[in-house]
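Report on the following structure.
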Amino acid sequence: QVQLVESGGGLGQPGGSLRLSCAASGSIFSLYAMGWYRQAPGKQRELVADITRSGSTNYADSVKGRFTISRDNAKNTVYLQMSSLKPEDTAVYYCNALVMVIGAMSAKNYWGQGTQVTVSS
């Protein structure tokens with residue numbers, strides 16, 4: 001019913017930048033909060049940043065001042081601009097969205113398939 005497709009991962013240099021995108025498509029009536037999570041090998045998935053439909057943002061302490069989340073409601077797309085990358089940012093990054101599907105009674109969380117980000121020189 002709803003697909004989240006991430007793009008933009010890959011190899012980044014320490015101190016460098018990468019930009020992730022996540023586009024939502026399908027039977028979307030309304031798209032509420034969207035966010036990015038990450039999971040490093042051997043660790044639990046953790047919130048990186050999220051953003052409400054009106055643009056209020058929330059960041060993990062580890063990325064504050066380095067990462068910026070934004071969204072384009074007309075395109076049902078959320079972005080994560082990652083700057084001043086560190087090796088500890090290496091993880092699989094997952095897009096998440098709270099979506100009201102057409103005809104549904106309540107909103108539901110959806111996940112993207114994940115995109116690998118590796119920070120290494």
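The values are calculated or read from the model by the stated rules, or taken from the named source; none is laboratory data. The structure displayed is predicted, hence computed values, not measured ones. Ideal geometry is used to build each Cβ from the backbone, glycine not excepted, and the neighbour counts take in all protein chains shown. Side chains included, ligands, DNA and RNA excluded: accessible areas come from the protein's heavy atoms. Shrake-Rupley method; radii C 1.70, N 1.55, O 1.52, S 1.80 Å.
Remarks
- Flag if Ser27 is closer than 16 Å to Val119 by Cβ and of a type in the set (S, T, N, Q): no
- Test: Leu85 is open to solvent by less than 70 Å² (accessible area, probe 1.4 Å) and either touching a Cys at 6+ places or on another chain (Cβ under 9 Å) or within 19 Å of Tyr110 (Cα to Cα) (or both): no
- Filter pass, Val92 being closer than 30 Å to Met105 by Cβ and within 11 Å of the chain's Cα centre (by Cα): no
- Among residues of the range 94-117 that are at pLDDT 95 or above and open to solvent by 40 Å² or more (accessible area, probe 1.4 Å), those with a beta-carbon under 8 Å from a residue that is hydrophobic (A, V, I, L, M, F, W, C) and not in a strand (DSSP E or B) at least six positions away or on a different chain give the pairs Leu98/Ala107.
- Test: residue in the range 48-65 that is under 14 Å from Val117 (Cβ atoms) and in contact (Cβ under 8 Å) with a residue 40 or more places away in the chain: yes
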